[in-house]
Amino acid sequence: MAINPVGAMQKAAQPQFTGVVDTVVGSKAFEKVAEFAGSNSATFNAASSLVMAGVLRPLTIMALPAKNEQEQKNKGNAAAHAIASAVIGFAITSTVMKPISAGLKKVMGNTDKYLPKLSEKMKSNPTLEKNVNKVLSFGPDILLAVPRALLTSKLSGYVNKALFGKKKDAAPAPAQQAPVVAQAQESQRPVLDSFKGGTK
């Protein structure tokens, strides 16, 4: 009977892998992280996004090969934008989204007091409460979309300058045509001078 060496290696590695996972999951540090994530889901999600989008993504972008100097500049701009977006997203979630989410949760938890008319409608239509919660969950993101984009664009320039020592590339200025036109007119001057005096 033939023995599959790959399958044998996989079976041998499984106990070692599960042992490492069991050690990590069973540690006190992981228990504290899980407890924090359960009680502060919004902040934990923002922190996870900060690590992935603000650290791992820029490193991945900069690790890609660049064919020329322009691609290298584009990589720097993309990495700086990723870092700025992650930082602004974490800051907004931690300082603005958290109290807004807490307030919405408090209101929706006691609609009889804060939203009596809506409460009556939700009692007669059970699916309405689910739809209202879904709409309200997108509300803060929609309101903060424009300020977040403006702050990200502004911060990306500073990040680009701090990390790569350059500002974000601006649009190239239009080429000046005046010297070219002057040179063309000067080159035609001898031809024009030969016609002075009119026809004979």
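The values are calculated or read from the model by the stated rules, or taken from the named source; none is laboratory data. Please read all numbers here as calculations on a predicted model, not as lab measurements. Cβ sites come from the backbone with ideal geometry, for glycine too, and all protein chains shown count toward neighbours. All accessible areas refer to the heavy atoms of the entire protein, side chains included, with ligands and DNA or RNA removed. Shrake-Rupley method; radii C 1.70, N 1.55, O 1.52, S 1.80 Å.
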With every protein chain kept in place and a 1.4 Å probe, the residues Thr111, Thr127 fall, from largest accessible area down, as Thr127, Thr111
Residues with amide H under 5 Å of Leu144's amide H, sequence separation 5 or more or different chain, H placed in the peptide plane at 1.01 Å from N; which? none
If the chain between Lys67 and Asp141 were fully extended at 0.36 nm per residue, the gain over the current Cα-Cα distance would be 22.9 nm
Quote the FRET efficiency, to the nearest 0.05, computed for Ser94 versus Lys123 with a Förster distance R0 of 22 Å and r equal to the Cβ-Cβ distance. 0.05
Two-site FRET efficiency, Met52 against Val132, from Cβ-Cβ distance with R₀ of 25 Å, rounded to 0.05: 0.20
Could you give the nm distance between label points at Lys105 and Asn45, where each point is 7 Å from its Cα heading toward the beta carbon? 1.2
Could you tell me which of rounded, prolate or oblate describes the stretch 15-118, using a ≥ b ≥ c as the square roots of the eigenvalues of the alpha-carbon gyration tensor, with rounded for a/c under 1.5 and, failing that, prolate when a/b is larger than b/c and oblate otherwise? oblate
I want the local charge near Ile61. Using Cβ-Cβ distances under 13 Å, sum +1 for each Lys or Arg and -1 for each Asp or Glu among the other residues. +2
If packing is taken as the average count of other Cβ atoms within 10 Å, what order do 76-89, 133-146, 22-35, 51-64 fall into, highest mean first? 76-89, 51-64, 133-146, 22-35
